[in-house]
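Note sheet for the following structure.
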Amino acid sequence: MSITEKQKHQLKKLIKELELYKGRHTELVSVYVPQDYDIVKIINHLDQEKGTATNIKSASTRKNVTDALERMIQHLRLFKRTPQNGLAVFSGNVAEREGQQDFKVWSIEPPIPLKTRIYRCDKEFVLDLLRDMMETKEVYGLVIVDRRDAIIAHLKGKTIIPLLKTHSEVPGKTRAGGQSAARFERLREGAKIDHFKKVAEYLKEKFLGDKNLKGIIVGGPGPTKYDFIDSGYITAEVRNKVIAIKDLSYTGEFGLQELLEKSGDVLAEESVIEEKKIVGRFFELLSTKPGMVAYGVEEVMKNLKMGTVDVLLISETLEDAKIEEFEKEAAKVGTEVKIISTETREGAQLTEIGKAASILRYEVK
């Protein structure tokens, strides 16, 4: 299960805030409630822990722990039941100076179902589970192959990660006649087989047994890619992971980009394609109907407040405070908000033109 850029941004923002706080002793409380777990049992457990905390020798630590637990218990009682994906809750005295009190409670329903139950008092909040959720687990394999070259890569989230390149020893076509032509053809065929075997072995090495691999997309110019797939040299488990074969004009790094762009049908549910599509639509309108778009923080905000923005595109590199301001204004006028990463070419382009852009509801002269 993958998370959206908006969910990732909210998670990143919470983690960033909680990382700022350090306890003087083990007095910051972190609780993770798994999905489908009875929240009343968690409340009862925390109530027992509050009783145990009265045995803490240090008076200030004892007070900080018991008060943090009490604030958390009060917060949890606001929930009638555990949210669908579970709940992560954090509580503690975050006052800057020792002896002062500033108790705060945070909670978030994570974008991915929680399977782990945690209760911990520590000098810092336990955030590894949330950090882990922001890591893209699922990947696709990208393979480009022709008679002379091959390149293998991972598509992780929105990022293409080249894994290896290989070059064959297949000789070029020759015009030599008679026996020379036949001999060269045998050489070419033998070298092609060696090339296929080598690439198949690399695929086994990179993809076999990878539980996070959702599928493999193969591409390349000409018929060689089909010959390779049908050659019989690819391990059955890897061959069964092939979900699409695409005709390409390029090989190498350009070929990987082309393969990604031509795999929109296969990757339709993946956020990378959605992101490329919506930002691509903005740039298309910018070149054909410039009155239908606005870009740059001030210009976009002006249009947003006028109620003319249909879709708001915000780069993840924009300051958190400004993103919040945009989201608040967007909510007032029913504008759809898309947080755009910088992992695609389109996302990088959005950053370059001012980190904010919009597709308008109607043409503004």
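Overview of results
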{"item": "Every pair of residues 6+ apart whose Cβ atoms lie under 7 Å, when the first sits in region 22-38 and is assigned by TED's automatic domain parsing to the domain that holds T61 and modelled with pLDDT of 95 or more while the second is of a type in the set (S, T, Y) and part of a strand (DSSP E or B)", "result": "V29/S91; V31/Y119"}
{"item": "Residues satisfying the stated conditions in region 137-164, i.e. in a loop (DSSP other than H, G, I, E, B) and crowded, with 18+ Cβ neighbours inside 10 Å", "result": "D146, R147, G157, K158"}
{"item": "Set A331, A321: member being small (G, A, S), farther than 20 Å from E270 by Cα and at pLDDT 90 or above", "result": "A331"}
{"item": "Enumeration of residues in region 263-298 that are closer than 22 Å to G354 by Cβ, without any contact (Cβ under 8 Å) to a residue 24 or more places away in the chain and under 17 Å from the mean Cα position of the chain (by Cα)", "result": "E274, K277"}
{"item": "Residue count, region 216-257 (criterion: buried (at least 18 other Cβ atoms within 10 Å of the Cβ), small (G, A, S) and assigned to a strand (DSSP E or B))", "result": "2"}
{"item": "Residues (of a type in the set (K, R), surrounded by 13 or more Cβ atoms within 10 Å (Cβ to Cβ) and part of a loop (DSSP other than H, G, I, E, B)) located in region 18-58", "result": "R24"}
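The values are calculated or read from the model by the stated rules, or taken from the named source; none is laboratory data. Fair warning: this is a prediction, and the values are worked out from it, not measured in the lab. Because the Cβ atoms are built from the backbone with ideal geometry, glycine has one as well, and the counts that use them run over all protein chains shown.
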